[in-house]
1. Which one of these does Val114 not meet: (1) closer than 25 Å to Leu36 by Cβ; (2) of a type outside the set (D, E, K, R); (3) open to solvent by 40 Å² or more (accessible area, probe 1.4 Å); (4) out of contact with any helix residue (DSSP H, G or I) (no Cβ under 9 Å at 6 or more places or on another chain)?
2. From (1) at pLDDT 90 or above; (2) in contact with an Asp or Glu (Cβ under 8 Å, 6 or more places away or on another chain); (3) of a type outside the set (Gly, Ala, Ser); (4) under 17 Å from Ala100 (Cα atoms), pick out the condition that doesn't hold for Leu36.
3. What number goes with the only condition from (1) closer than 20 Å to Ser192 by Cα; (2) touching a Gly at 6+ places or on another chain (Cβ under 6 Å); (3) hydroxyl-bearing (Ser, Thr, Tyr) that Thr170 does not pass?
4. Return only the number of the condition from (1) crowded, with 17+ Cβ neighbours inside 10 Å; (2) hydrophobic (A, V, I, L, M, F, W, C); (3) free of Cβ contacts under 8 Å to residues at least 40 places away in the same chain that Trp149 does not satisfy.
5. Can Val98 be described as closer than 16 Å to Gly147 by Cβ, at pLDDT below 95 and in contact with a Phe, Trp or Tyr (Cβ under 6 Å, 6 or more places away or on another chain)?
6. How many residues, within region 238-253, are in contact with a Gly (Cβ under 6 Å, 6 or more places away or on another chain) and of a type in the set (A, V, I, L, M, F, W, C)?
Amino acid sequence: MRYRNRLALGLALGGAALASPASAGNGHYVPGVEGLNGALVPPPGLYYRGYLARYEIDSLRDGGGDAAPGRNRGEVTALVNRLVWITDRQILGADYGVEAILPVVDTSLRFGGVGLNDGDSGLGDLFLSPLVLGWHGERWDAVFAAGQWLDTGDHAADRPASPGKGFDSTMLTLGGAWHFDDSRRWTLSALSRYETHGRQDATGITPGDSLVVEWGLGHRLDSGLTLGLVGYDAWQLEDDGGVAVAGDKAEQHAIGVEAGYFWPALGLGLNAAFYHEYDNRAAPQGDLLRLTLTQAF
């Protein structure tokens, strides 16, 4: 029964990406794709998770958080395909697994204030993780993972809507969850992603390291429906390398709500979340709508 509850509550091992400079700050990983119970690893098995995300940009923010002049709008729509295999093997007392992620992205940018009008679509950068570890206690869960974003998507330096980033990134994941009661009805979770980036060949720029923290406070009702508050905070930690003058470091901050339901007999879960960004800096700002389907095989 406890394994079934873990499967129902979450599947957040390595992350997903909209793979667009307009939606992911200076890194590959896009905050807001996991939400409630983000640090829970499911029992051994093979899983597919599909994320349908829509990011609506309503402004560009400078380093002080003020809106740039002019009309600056954009949309990023992505279907992120993720395959996860949790094996029967254990390492350091944790369930061991691997995963792969491949996004399909469509981006439209109309930043009149800075004279930019661009659109593009295609496959984003591929993510591979050979190391996913999940620990489980009576009232807690924890996850650690490591993987690589590969420079596989199309990218052009003069096309900011390109589906690829133009550089590799190594991503480390660390997270945990605490359940306030034995039946795990109330759960507080936090999930962090740290990315260190490679050099972008087209520009010679090496983006500074970045950190994302996602959190969620959820409650599972007697009906099985889970409701809760979610949020994310993202920071560029270092200046970009390979530039003559350092620019402002990007930040993103958002709060939102999420609802989810899991059908154990079908091995099927559905989640929906809406986030509102409220204090971004040196980055676009807008709203994120995310739908998630999880299927166990």
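The values are calculated or read from the model by the stated rules, or taken from the named source; none is laboratory data. Since the model is a prediction, treat every value here as computed from it, not as a measurement. Every residue, glycine among them, receives a Cβ derived from its backbone with ideal geometry; neighbour counts consider all protein chains shown. Note: accessible area is taken over every heavy atom of the protein model, side chains too, but ligands, DNA and RNA are not part of it. Shrake-Rupley method; radii C 1.70, N 1.55, O 1.52, S 1.80 Å.
1. Evaluating Val114 over (1) closer than 25 Å to Leu36 by Cβ; (2) of a type outside the set (D, E, K, R); (3) open to solvent by 40 Å² or more (accessible area, probe 1.4 Å); (4) out of contact with any helix residue (DSSP H, G or I) (no Cβ under 9 Å at 6 or more places or on another chain) leaves (1) as the failure.
2. (4)
3. (2)
4. That leaves (3) as the condition not met.
5. no
6. Residues in region 238-253 being in contact with a Gly (Cβ under 6 Å, 6 or more places away or on another chain) and of a type in the set (A, V, I, L, M, F, W, C): 1 in total.
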